[in-house]
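**Student:** Below is one structure. I have some questions about it.
The values are calculated or read from the model by the stated rules, or taken from the named source; none is laboratory data. If you're wondering where the values come from, they're calculated on a predicted model, not measured in any experiment. Using ideal geometry, Cβ is built from the backbone for each residue, glycine included, and neighbour counts are taken over all protein chains shown.
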Amino acid sequence: MAFDPKIKNDLIKILDEDRVKDDRVTLYTYRSDALILHPTMPMGVVFPENREELVAIVKLLHANQITFLPRGAGTGLSGGAIPKEGSVIIEMFRFRQIYDIDFANRSITVGPGVVNIKITEHVKENGYCFVPDPSSQKACTVGGNVAENSGGPHTLKYGVTVNHILGIEVVLPDGEVVELGGKQWGAPGPDLLGLFVGSEGTFGIVTKITCRLTPLPEKVITLLGIFPSVRDACSAVSNTIREGIIPAAMELIDNVVIQAVEKTIAPGFPLDAEAVLVVELEDMKDGIEEEASRVQAILNENNATEVRRAKNEEERALIWKARKEAFGALGTISPSYYVQDGVIPRSALPDVLGQISDIAQKYNLTIANVFHAGDGNLHPLILYNSKIPEEIEKADKAGIEILDICVSLGGSLSGEHGIGLEKQELMGTLYSSEDLSNMEWVRSFFNPQNLLNPGKIFPTPGKCAETKMGPQIVQSKSGVVA
Amino acid sequence: MSQSKPYAPKKLNTLHAWVKNRIHSKDPFVVLGKGTRSPHAGQDILSTKNLKEIHFFDPDDMVIGIQAGMTAADLQSCINKKKMFLPINPWYPESTIGSVLACNDFGPSRMNGGGLRDCIIGIEYINGKGELVKAGGKVVKNVSGYDLSRMMLGSLGGLGVITSVNFKVNPQPAGTSVLMCTFENDQWVEKIRELHAKIFPVDWIQAMTSQSGWILGVGFSGNDARRTRIEKELRQIFEGFGQSLDVFDENKKVKKTADAPGQNRFSGFLTPILKRFKLGKQYLHLHAVLPTGELLGSLDVQKFTLQGAQMVVHPIGGDFHIFLNDETPKAQKEMLTLLKNQLEGSEGKISLIKSAPELSINDLNEFAFPREYSLMKAIKQQLDPALVFHAPFYNY
Ligand SMILES: Cc1cc2nc3c(=O)[nH]c(=O)nc-3n(C[C@H](O)[C@H](O)[C@H](O)COP(=O)(O)OP(=O)(O)OC[C@H]3O[C@@H](n4cnc5c(N)ncnc54)[C@H](O)[C@@H]3O)c2cc1C
Ligand SMILES: Cc1cc2nc3c(=O)[nH]c(=O)nc-3n(C[C@H](O)[C@H](O)[C@H](O)COP(=O)(O)OP(=O)(O)OC[C@H]3O[C@@H](n4cnc5c(N)ncnc54)[C@H](O)[C@@H]3O)c2cc1C
């Protein structure tokens, strides 16, 4: 794959030679996002820096009926930024402007290429933060967060990305620029902004984002419950919420992950614990101690062998480092892994974790769990060796069985990573064909010729889950690029 | 062929078959809940008010799924029984949930609890092809496919017939309190500016006009220690400025706080306020939204009251209601002109909720329409190809 010489020439007229690339190294680098399911070389990669350049590129590609897709940092876990049809990748990482910080409206307007964590860094001193905090927040872009409607540990209390976006500017697939929302909280008419967030880069390319800022809490208490069984830890989660306490975060880490993070980050989690539960409470300093005592009691009532409390910011940071870098740490105990993102009703957690363990036994595989327990958002990491074809097949089947359980319990295929290429063939298990064609109908409004990010979210006609998922994992050394 | 009475079937499949037929014969109709919010002279009316089933309510998972005809009051009482609440504010207890969604109603609780967008997790509706379709689901976190439930928020009956909805609900806080403070004039704006700058976790703020000026309510919640601290901080800001100041624990003094939006923790019904305003039949009701900074920075609320308006203001989040009891079109038009002048150059938008028949959305000019209005019109054209879902909002 490479650009047609005429197209390349036209692109160079808009950008310059340095920012229009189709050399082999570039194409190879951009063949996938963080999920190397089935890497596909793009036709080429372009690097616009502002809206005018982007509009000109989009109009050119549109006029020539060439498919294209935006890419942020490429940390997506569902293949959203994989150029399925050898499309042109539009790298959005250079849209890094901070346009406007407006404390009176508690908002910040940024370019989509701004890295998630940079937003909070900009406003922290003034007592604010940007709530969505995916574990990838040191790398992923706000544009990617908007596209995927990303979550993170602290979205349990405060809601996912859509709840923190006030307005966006978008370039539609024919080059038209539109604005959705603004600094006011809502306006008459259908909530098109709410619809756009989570559309996985298939409606338009976001060029500006006004994010809502949230006041930082006065006090944060981080508890670490240590449990002799995963079931007990899950019960503690359900019972805490049942009591009407919604912590800022409730994250479960099982023994496999404990072993891995102790090798890399060494947060001091007991190696013989079957699970640890990170519970973070944040609020005003008055009243929070009572809540923390109550949570502590609930953890104890659910058989916690010990409940620790981070004594200072360093201890807290270490716990969160272990949680947020857990995926990477698994590299020390397995050559490859495949992460799922299904959601179940929270009260079903204790049973479902048991079922996941049964699935692991059935396929003779190890499945690690580190996930947003408070939301019922599972992240089973299926460990396998990509050099052993049978293991690949088993990992694939185990993944489907886990998602089957989620769907059968009234849950969903994805809580935050999106459908992308990874789970598109499973969408039929969740929705009827009419539901799906209705969604495609809405897409065809924004993206009538399907030139923007084609081949995502919806099942490919004539394919089914079993035949699709299997071979996809074959090429991947690891489910996630380090 | 115009129906005099709304058609309001009790069964979903009967309603679905009726809509399919209308689409097939390209025969427009208006979909309503109970149907008094806007006049629809000469249109056939379909009402979803008799679809009242509860599909599921799982307090442990904090989710509920109901049909669109359930009233706001019934939903409130259902979830209250299990000590849950929804931080949305339907304006009237009798409003059906379908219409609350279609109007994207919100009130004071949006400040801290978010609006409908933040608690809707799934939807079922009949689309412009006559298909009964679903999106989202019944778990609290879900990114499987497009979130069409959000597209239907604010759709004003123009994109389809909403038949069911799933919500994420919240556990009720340990306790709720309200600080009530009265002011002779608009000094409260200055005080709210101060409060806003303090980054303080209150749940809602609502100011409304009274016979002697303004009543300001600030709601807060949590355990005793939390509320005691917030009360202390609020007193520091407000004491000595208002004419009277009182803090009520809602659990104990409900009567005294009957106007407060936090009442019963569902909050925000306009009904008690409207009673207090003693409105006649054809009063003017305008609803405006604008950025908080602009409301607190440059809006002059006294101008409206001097011209006879009664108001309900939610300063943070930035929205306010204007009521004018004067039924003459002239007075109502003047009030609207005043509002438009005040919002000139801002991002502010206006909805005309109720007025003398001489006023219409046309009088709002660009203030009626968000920036993305042309996109809204276009999506309506695409998703309602038979043009059956009659909804005036899209016709300008
Ligand atoms: C180790 C690790 C941990 C993770 N943890 C979490 C987590 O806790 N929670 C979570 O939700 N996710 C998590 N993720 C997934 C991922 O980081 C998020 O989905 C993130 O939002 C992707 O951002 P990105 O900039 O990398 O986007 P990319 O991967 O580059 O793109 C993702 C999608 O967004 C589209 N897109 C990108 N930019 C734009 C734009 N400007 N306009 C329109 N569409 C655009 C792309 O086309 C693509 O479809 C994790 C990933 C990794 C590798
Ligand atoms: C001025 C005024 C004063 C009122 N005062 C009181 C009062 O004092 N006390 C009291 O209890 N009630 C009061 N009400 C409310 C009223 O009695 C009912 O609550 C109301 O009719 C219920 O419907 P609605 O007005 O909310 O919406 P409707 O008029 O039924 O509909 C509003 C909008 O929603 C759309 N819509 C409705 N249902 C659907 C659906 N299923 N799918 C798609 N779109 C839909 C409609 O097309 C319309 O655009 C008042 C109403 C008004 C207008």
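Matching residues to (1) within 12 Å of A:E200 (Cβ to Cβ); (2) part of a strand (DSSP E or B); (3) more than 16 Å from ligand 2 (Cβ to nearest atom):
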residue	(1), (2), (3)
A:Q65	no, no, yes
A:P70	yes, yes, yes
A:T75	no, no, yes
A:S78	yes, no, yes
A:I82	yes, no, yes
A:G86	no, no, yes
A:I90	no, yes, yes
A:F95	no, no, yes
A:Y99	no, yes, yes
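**Student:** In the range B:286-319, how many residues are within 16 Å of ligand 2 (Cβ to nearest atom) and within 14 Å of chain A (Cβ to nearest Cβ)?
**Tutor:** Going through the range B:286-319 one residue at a time, the tally reaches 2.
**Student:** Return a yes/no flag: does the range B:345-358 have any residue that is farther than 16 Å from A:Q184 by Cα, of a type in the set (S, T, N, Q) and surrounded by fewer than 16 Cβ atoms within 10 Å (Cβ to Cβ).
**Tutor:** The answer is no; no qualifying residue exists.
**Student:** Let me ask something additional. Against the definition (among the hydrophobic types (A, V, I, L, M, F, W, C) and farther than 30 Å from B:P201 by Cβ), how does A:I108 come out, yes or no?
**Tutor:** Answer is no for this residue.
**Student:** Can you tell which of A:S347, A:S336 is of a type outside the set (V, I, T), more than 24 Å from A:G418 (Cβ to Cβ) and at pLDDT below 95?
**Tutor:** Sole residue among the options that is of a type outside the set (V, I, T), more than 24 Å from A:G418 (Cβ to Cβ) and at pLDDT below 95: A:S347.
**Student:** Residues that are within 16 Å of ligand 1 (Cβ to nearest atom): find the helices (runs of 4 or more DSSP H) completely inside the range A:378-450 holding 2 or more of those.
**Tutor:** Passing ranges, in order: A:433-446.
**Student:** Follow-up question, since we're still on this one. Here is a list of conditions, (1) away from every other protein chain (no Cβ under 14 Å); (2) in a helix (DSSP H, G or I), and A:E291 meets all of them except one; can you say which number that is?
**Tutor:** (1)
**Student:** Would you mind listing the helices (runs of 4 or more DSSP H) fully within the range A:188-285 where at least 2 residues are within 16 Å of ligand 1 (Cβ to nearest atom), modelled with pLDDT of 95 or more and facing chain B (nearest Cβ under 9 Å)?
**Tutor:** A:192-196
**Student:** Answer yes if at least one residue in the range A:148-157 is polar (S, T, N, Q), more than 16 Å from ligand 2 (Cβ to nearest atom) and more than 20 Å from the chain's Cα centre (by Cα), and no otherwise.
**Tutor:** No - not one qualifying residue is present in the range A:148-157.
**Student:** Continuing with this model, one more query. Looking only at the range B:276-285, how many residues end up being among the charged types (D, E, K, R) and either within 12 Å of another protein chain (Cβ to nearest Cβ) or under 22 Å from B:N185 (Cα atoms) (or both)?
**Tutor:** Looking only at that region, the number is 2.
**Student:** Which of the residues belonging to the range A:74-106 are under 18 Å from A:E422 (Cα atoms) and within 9 Å of ligand 1 (Cβ to nearest atom)?
**Tutor:** A:G74, A:T75, A:G76, A:L77, A:S78, A:G79, A:G80, A:A81, A:I82
**Student:** While we're here: Cβ contacts < 9 Å: first residue touching a residue at least 60 places away in the same chain (Cβ under 8 Å) and charged (D, E, K, R), restricted to the range A:121-142; second residue assigned to a loop (DSSP other than H, G, I, E, B) and away from ligand 2 (no atom under 16 Å from the Cβ), any location; separation 6+ or different chain. Result?
**Tutor:** From residues that are touching a residue at least 60 places away in the same chain (Cβ under 8 Å) and charged (D, E, K, R), the pairs are A:K124/A:L216.
**Student:** If only one of A:A266, A:A292 is without any contact (Cβ under 8 Å) to a residue 12 or more places away in the chain, surrounded by fewer than 24 Cβ atoms within 10 Å (Cβ to Cβ) and more than 23 Å from the chain's Cα centre (by Cα), which one is it?
**Tutor:** Unique residue meeting the criteria: A:A266.
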